[in-house]
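Read-outs: derived from the displayed coordinates by stated rules, not from any lab. Since the structure is predicted, the reported quantities are computational estimates derived from the model, not experimental observations. Cβ placement follows ideal geometry from the backbone for every residue including glycine, while neighbour counts extend to all protein chains displayed.
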Amino acid sequence: MKKNIGNQFAFYPTPVIVVGALVDGKPDFTLVAHIGIVTHDAALVSLNKAHYINRGIKQNKVLSVNVVDESWLEKAAVAGGISGRNADKSTLFGYTFGGLGAPIVDEAKLAMECAVEDVYERGSFENFIVKVVNTFAEESILTDGGKPDYRKFKPVLFEMPNYTFLKTGETLGECKSFIQNKIGRN
Ligand SMILES: Cc1cc2nc3c(=O)[nH]c(=O)nc-3n(C[C@H](O)[C@H](O)[C@H](O)COP(=O)(O)O)c2cc1C
């Protein structure tokens, strides 16, 4: 029998990303796990108003979403422990500017350059509603059809209740055939 554990916020695990933006013309990078899909063409990046990077995102209305995998987790973690307000995080990673001018982390095998379309303020958070404009991916993580292959590329996940990083799980099945087999049988 399930136990009611109160209003535990249990929307985890979520992918870990490093958000990149220019603040006063200089790159800042911040570790973020509170991200979500809003529609098929928009996502939400939730940032505490106190963070240094927010100012740059609002200045340029552009940010990069750099998806973290195990190969650069240790470096990425630093971006979650230090604020650009107190330290220069511009040299933490190599970076290349995307077409919109957002700094894209070289270490990230998969990254998106996003235009900020809206900001939804709630309490002490600014939730940036973003649209993907450019996606940059290492060829080694793509399917033959040119899409990200999450059997080759494994984003690190984060869960807040126990403050833990997790590995992405194993493949359970191809979704369409999985459902069709199930419907066929029932
Ligand atoms: C695992 C992890 C996940 C985090 N996720 C978020 C998040 O989703 N939103 C947020 O506002 N801060 C988050 N942070 C905190 C920021 O990364 C951290 O405060 C950072 O130093 C802010 O940097 P800045 O001031 O240069 O922007 C997270 C930190 C860690 C360690």
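Assorted remarks:
- Dimensionless Rg/Rh of the chain - Kirkwood Rh, Rg from C-alpha atoms: 1.00
- Cα-based Kirkwood hydrodynamic radius, the range 92-186, one decimal, Å: 16.9 Å
- Extending 7 Å from Cα along the Cβ direction at Met160 and again at Ser90 yields two label points whose distance is 3.2 nm.
- Label point distance in nm, Thr171-Ala77, each placed 7 Å from Cα along Cα→Cβ: 3.0 nm
- From the alpha carbon centroid of the range 1-32 to that of the range 98-119 is 17 Å.
- Computed helical MRE - 222 nm, the chain, DSSP H runs ≥ 4 contributing -39500 (n - 2.57), nearest 500: -3500 deg cm²/dmol
- Inter-probe distance in nm under a simple model that places probes 7 Å from Cα toward Cβ, at Lys152 and Val119: 3.8 nm
- With R₀ set to 25 Å, the beta-carbon distance separating Tyr12 from Lys131 gives a calculated FRET efficiency near 0.50.
- Remark: the range 127-133, residue by residue, has Karplus-estimated 3J(HN,Hα) of 9, 8, 8, 10, 10, 6, 9 Hz, where x stands for each Gly or Pro and the curve is 6.51 cos²θ - 1.76 cosθ + 1.60 at θ = phi - 60°.
- Taking packing as the residue-averaged number of other Cβ atoms within 10 angstrom, the listed peptides 6-15, 56-65 run from highest to lowest as 56-65, 6-15.
- Between helix 175-185 and the chain there is an angle of about 20 degrees, using the helix long axis and the longest principal axis of the Cα atoms.
- Projecting the Cα atoms of Phe178, Ile141, Ile5 onto the charge dipole of the chain (Cβ charges, centred on the Cα centre) puts Ile5 farthest toward the positive pole.
- Dipole size of the chain about its Cα centre, with +1 on Lys/Arg Cβ and -1 on Asp/Glu Cβ: approximately 660 debye, rounded to the nearest 20.
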